[in-house]
Every structure is written in structure tokens, then in C-alpha cells.
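All remarks here apply to the structure that follows.
The values are calculated or read from the model by the stated rules, or taken from the named source; none is laboratory data. Note that this is a predicted model, so its numbers are computed, not measured. Counting neighbours? That spans all protein chains shown, and the Cβs are built from the backbone with ideal geometry, glycine included.
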């Protein structure tokens, strides 16, 4: 049996999560659990209105997305133009009208493609207690996090500095075998401070720092990125699931990373 | 189990009903209100057979907590026809053989209605995108795409 508590503020909702309730954002994760009798879900806490958490705004060279902004909100936002390619690949239109930015960060493997893009774009989180946290830190301790996310601040990528690729077996709306996001800022034509993130290659989205290091100072051409391609799966132990074995994921990672970096092979 | 009162517009008419805590909108519509048009398929947001419109947007009723539609407008396939007069989409589905077993049809119709309400003359690619969250295991999709194109008054491009 499930009880539902409705509150007015994110802080009240976070207090509920602190006593083991689950927070209902868009419902695509929590209600799925309820429908399938997930025994971990005995209390749901929700906000009476999430409207104030759906705002997307510019802040200097960054974009701030409210945690309750949906994929549909992202697609309607011109500020988020670089993220449209990502949001468009999350479910169908009905899912996109429900699935939220904050919820995607907590989506279990192999879901959470949007969080992969956020991780590549240096996401910093404003938490329900007013503190700030970078996304990478939260992901490392995601299972024990009891605070809620209020908003997510990301870099606004220039030109084609941001790349995203979702690899799935079913088109157009399959679950990820692997997703890849790259933020590739360049100085005088050479990469400076790249961030590369993978989804479905670990229990949570992860940065691939060996690839980032190999890309530093190089230009984006087939010869220059060979070191990065060689490091594509370094240090990873991807999970097996019905879509692919961990071994397969490791084998194809260099192929998809090369396509991502060189802009080959469609989306 | 605590009952919660919830009021909303269903196909333009006010509804006041009690929902169980944790009950999803699909279950409330089918068992609480008696609108059997939205279907339970997967219960996890994959198949789209439970698609309804909430304030004009397609949503998955199986993943919507029923009490969250308080004060909102819900549209289901039951509201499409006007007495004996079928909606243009229903006519087009019939004329183009877009339903075989029919289980996905209510979800397909609502996804299509959401598209045509905003984009009266969509491209074929926009139609494909609009129903990309709805699974049909019978038709191979082409008759459904044709039907939606026909309902928008555009030529149907038959495969083969």
C-alpha cells in the first residue's frame, strides 16, 4: 500500500525523502515502480505545484534549468537549443511531457541519457538545502542522496562544441546501448578542457578522463584523436544487460567515440 | 486506504470522483469513472496504449498519479466522436485499415490528435515522430501514418 503526501515546498518534500519517502517528479520512474509493486515505495511525497521548478533561464555563459523542467520544456526553450538533440531522443512525446531534468539524473541504468549531456556540460546542482554540488559528485553517491535537486546549471556550448550520440538497437526510440556526450571547447583550433561522458557504460553516467586528457591540445581530425580513441573504454567495466554484454559495449565504445568526435554516421 | 477527492474535466464534462492513494490515472479512468477507452499495455511507459491528453498534451495515464490532474482537462478517445459522427481521425483510421487488433488504437488516436491540434498539416516525418512512443504489433505502422496524413487532408503515400 502506498501513501501520498502533498507539500508546498521543496524543503518539505526533502524532509519526506529524508524519512525514506520517494519524491514524485514527472512520474515516469516512480509510478512505474508503483505499478509493478516495488516494495521500496511505501510513501510518495510530491509538490502541490512544480511550476516554479520548471523555469529555464540564461545566466551569463550558463543556462539554469529547473529540476522539474520536462524534456518538452527543454525542446521549447531556445536557450537550450544545443540540448534539443538530447531531449528529442528521450522516449516519445508523451514521455517527454512528463520526464524531468531532475528525474533523469536519478534514472537507473540504462536510462538517463539527458544526465550524460548534463555531465559533459559541467553541470552544477543547486540542492534543496541551498548548497551547491557538482553533478559528478552527486552521481558518485546517488544511492544515498537524501536531498532533492532544485536546479541544474550547465555551460552554454558555443557553435558545434557540444556533440551527443545515442546508440540503440530500436529506432527511433530504443533504450541506450550506450550514449555519449562531448563538450569540446577549442582555443586556436585546439581542444582545451574537453569533457566526455558516457551513459549505460557504468551504473551511472561517467566522465572518461583518460579520453579528456588525450584530447587536450589536439585538433579534431582522425590522426590527432587516435590517442583518445585508444583510451575510449579505459577503466570501464560496463554492465551486462539484455541489450548488450559489457564486453560488447567495451568493443564498440571506440567506434562510437570516433563517430562522435568526427561527426560521422548521422546522429 | 485513504480516498482522495479529485475533480477534473473529462472530455469537456466535469468529473468529481474519489481516488485511492497511489492510484494511476488510467486505473481511475477505467475503474473509477468507467471510461474504458484508454488501455493498459505495459504499465511502464513503453507502449503508449494508455495515452490521453492532459491540458492538450499527450501523457501516459498509467504513469500519471491520478490526484495530480486536479483542476485539469483530460481527453480520451471516448470524447472524440460526436454521437454517431466519428472524429476525422477515427474515419481515417477506418478507411485506411489502420486498426487490426485495435489495442493500440486509442493511444494512437490521442497521440495523433495532439499532433493535429497543434500542427494541422504535418509532414510525414512529424507524424512518425508524434506516434514514436506508441507501439503497434499488427499494422507495421504505415496504414496508421497514412490515416493521420489523410485526416489532415493530405495525400496518402502508400508503401510499395
Quiz item: Mind checking which residues of the range A:238-251 are in a helix (DSSP H, G or I) and surrounded by fewer than 17 Cβ atoms within 10 Å (Cβ to Cβ)?
Solution: A:246, A:247, A:248, A:251
Quiz item: Considering the range B:116-126 alone, what residues qualify as being without any contact (Cβ under 8 Å) to a residue 24 or more places away in the chain and either surrounded by 19 or more Cβ atoms within 10 Å (Cβ to Cβ) or away from chain A (no Cβ under 13 Å) (or both)?
Solution: B:123
Quiz item: Residues of the range B:43-55 being under 17 Å from residue A:99 (Cα atoms) and either in the same structural domain as residue B:138 (by TED's automatic domain parsing) or in contact with a helix residue (DSSP H, G or I) (Cβ under 8 Å, 6 or more places away or on another chain) (or both), which ones?
Solution: B:43, B:44, B:45, B:47, B:48, B:50, B:51, B:52, B:53, B:54
Quiz item: So which of A:220, A:177, A:184, A:215 is within 30 Å of residue B:130 (Cβ to Cβ) and either buried (at least 20 other Cβ atoms within 10 Å of the Cβ) or in contact (Cβ under 8 Å) with a residue 12 or more places away in the chain (or both)?
Solution: A:177
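Name the one entry in A:115, A:107 that is closer than 21 Å to residue A:150 by Cβ and either part of a loop (DSSP other than H, G, I, E, B) or in the same structural domain as residue A:178 (by TED's automatic domain parsing) (or both).
Details: A:115 fails: either part of a loop (DSSP other than H, G, I, E, B) or in the same structural domain as residue A:178 (by TED's automatic domain parsing) (or both).
Only one candidate qualifies: A:107.
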Self-check item: Sole residue being part of a helix (DSSP H, G or I), surrounded by 20 or more Cβ atoms within 10 Å (Cβ to Cβ) and not assigned by TED's automatic domain parsing to the domain that holds residue A:18, chosen from A:86, A:90
Solution: A:86
Quiz prompt | Residues of the range A:1-51 classified as touching a helix residue (DSSP H, G or I) at 6+ places or on another chain (Cβ under 9 Å), surrounded by fewer than 20 Cβ atoms within 10 Å (Cβ to Cβ), more than 9 Å from chain B (Cβ to nearest Cβ) and not in a loop (DSSP other than H, G, I, E, B), total | solution = 3
Quiz item: Of all residues in the range B:57-66, which are more than 7 Å from every other protein chain (Cβ to nearest Cβ) and surrounded by fewer than 24 Cβ atoms within 10 Å (Cβ to Cβ)?
Solution: none
Quiz item: Can you pull out the residues in the range B:133-148 that are buried (at least 22 other Cβ atoms within 10 Å of the Cβ) and either touching a helix residue (DSSP H, G or I) at 6+ places or on another chain (Cβ under 7 Å) or within 14 Å of chain A (Cβ to nearest Cβ) (or both)?
Solution: B:133, B:134, B:136, B:144, B:145, B:147, B:148
Exercise. Could you check, for the range B:19-34, whether at least one of its residues is closer than 30 Å to residue A:42 by Cα, away from chain A (no Cβ under 14 Å) and crowded, with 23+ Cβ neighbours inside 10 Å?
Key: yes
